[in-house]
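Novice: Have a look at the structure that comes next, please.
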Amino acid sequence: MKETVFITGASSGIGLELARCFAAEKSTLILVARSAAALEALAAELRGQHQIEVHVITADLAQPESPQRVVDELKGRGIMVDVLVNNAGFGLHGSFAELPLARQLEIIQVNVASLVALTGLFLPAMVERRRGGILNVGSVAGFLPGPNMAIYYASKAFVQSFSEALFEELRGTGVSVTNLCPGPTESNFFKVARGHRSRELQIAKMSTDEVARAGHRAFRTGQCVKVPGTKNRLLVQLPRILPRMVVRRSVAKYNKLK
Ligand SMILES: NC(=O)c1ccc[n+]([C@@H]2O[C@H](COP(=O)([O-])OP(=O)(O)OC[C@H]3O[C@@H](n4cnc5c(N)ncnc54)[C@H](OP(=O)(O)O)[C@@H]3O)[C@@H](O)[C@H]2O)c1
């Protein structure tokens, strides 16, 4: 069955690879992010490769009015969405007291408020049609407290809790929710989070392609939570085994400032 899939943060990284996964199924795509040129380039590539319909919508999801504006634009074009992929997100490395408050509130706007708004705008019609689904991109960070990236980790804890709650609420409705929780992944994420001043962490990272394919598969098989990679699956178990203090201090060390 041909579906229409709406993907935020499709201009790079995991979102771009998720777009490739859905394109390979011949879905119609709506690609959303701020970088118009990157979205247009991907749209042209996918149209050429798969002979599919691809729409591009430029939007800054740090603006509270963006989700409604995007949905109005889709209505204007007569497009109905079957699958929502809430992937856009970013974090900032630094202590809460020192990072600019306005930028930290933007993390909440993009990672949490826009994700909730888009869900609220698309979900009722999915439930009414008894088909469709939501793929959220959370993080292993959602399982941990995150000193030196406090708001980012807290935003992903929200995504984790919200996704699991919706999964249960939607049981039997024909609509599914999956939370994909990647660990460190090779993308622009670390460049954005750490600015250009601080060192790049030397850690093993998964590829965006591996992560996206795992997330896509989990969504298609109706899994509620998907943590890709064995090391990441072990990592998310640590808070269940270790005392909270040990977990907090380990993350603080991992995220330590220069
Ligand atoms: N990389 C990791 O290690 C990792 C680990 C766990 C979870 N994640 C999560 O994976 C998701 C994708 O990140 P990524 O690793 O693929 O990083 P990325 O390459 O930096 O991609 C982030 C995407 O989000 C979009 N975005 C950011 N701010 C936006 C805004 N204000 N409005 C609209 N779109 C915005 C970006 O597009 P524009 O800049 O064009 O707007 C880009 O397409 C995020 O939710 C991130 O938290 C990443």
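Novice: Please pick out the residue among Val54, Val70 that is under 18 Å from the mean Cα position of the chain (by Cα), closer than 20 Å to Gly132 by Cα and in contact (Cβ under 8 Å) with a residue 12 or more places away in the chain.
Specialist: Val70
Novice: Would you be able to say whether some residue in the range 203-220 is within 24 Å of His93 (Cα to Cα) and loosely packed, with under 13 Cβ neighbours inside 10 Å?
Specialist: yes
Novice: Let me ask you something else. Tally the residues that are of a type in the set (Val, Ile, Thr) and either outside any helix (DSSP H, G or I) or at pLDDT below 95 (or both), restricting the search to the range 205-258.
Specialist: Of the residues in that region, 4 qualify.
Residue-by-condition table, conditions (1) at pLDDT below 95; (2) out of contact with any Ser or Thr (no Cβ under 8 Å at 6 or more places or on another chain); (3) over 21 Å from Arg103 (Cβ atoms):
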| position | (1), (2), (3) |
| --- | --- |
| Ala19 | no, yes, yes |
| Ser27 | no, no, yes |
| Arg34 | no, no, no |
| Ala44 | no, yes, yes |
| Gly48 | no, yes, yes |
| His55 | no, no, yes |
| Pro67 | no, no, no |
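Novice: Consider the range 41-60. How many of its residues are crowded, with 17+ Cβ neighbours inside 10 Å and within 7 Å of the ligand (Cβ to nearest atom)?
Specialist: 1
Novice: Pull out all pairs, ordered by first then second residue, where Cβ-Cβ is under 8 Å, the residues are six or more apart or on different chains, the first lies in the range 29-50 and is free of Cβ contacts under 8 Å to residues at least 12 places away in the same chain, and the second is among the acidic types (Asp, Glu).
Specialist: Final answer for the pair search is Arg47/Glu53.
Novice: If you don't mind, there's one more thing I want to ask. On the given criteria, is Gly146 modelled with pLDDT of 95 or more and either more than 17 Å from the chain's Cα centre (by Cα) or under 29 Å from Ser27 (Cα atoms) (or both)?
Specialist: yes
Novice: Name the one entry in Gly13, Gly94 that is in contact (Cβ under 8 Å) with a residue 12 or more places away in the chain, out of contact with any Leu (no Cβ under 9 Å at 6 or more places or on another chain) and at positive phi.
Specialist: Gly13
Novice: Would it be correct to say that Ala10 is under 22 Å from Leu180 (Cα atoms), within 13 Å of the ligand (Cβ to nearest atom) and modelled with pLDDT of 95 or more?
Specialist: Criteria met by Ala10.
Novice: Just a yes or no: is a residue in the range 195-208 of a type in the set (Ser, Thr, Tyr), within 14 Å of the ligand (Cβ to nearest atom) and in contact (Cβ under 8 Å) with a residue 24 or more places away in the chain?
Specialist: There is at least one residue in the range 195-208 that is of a type in the set (Ser, Thr, Tyr), within 14 Å of the ligand (Cβ to nearest atom) and in contact (Cβ under 8 Å) with a residue 24 or more places away in the chain.
Novice: Same structure again: Among the residues of the range 17-40, write down those that are under 13 Å from the mean Cα position of the chain (by Cα) and crowded, with 24+ Cβ neighbours inside 10 Å.
Specialist: Across the range 17-40, the qualifying residues are Leu18, Ala19, Val32, Ala33.
The values are calculated or read from the model by the stated rules, or taken from the named source; none is laboratory data. Since the model is a prediction, treat every value here as computed from it, not as a measurement. Positions of Cβ are generated from backbone atoms using ideal geometry, with glycine treated the same way; all protein chains shown enter the neighbour counts.
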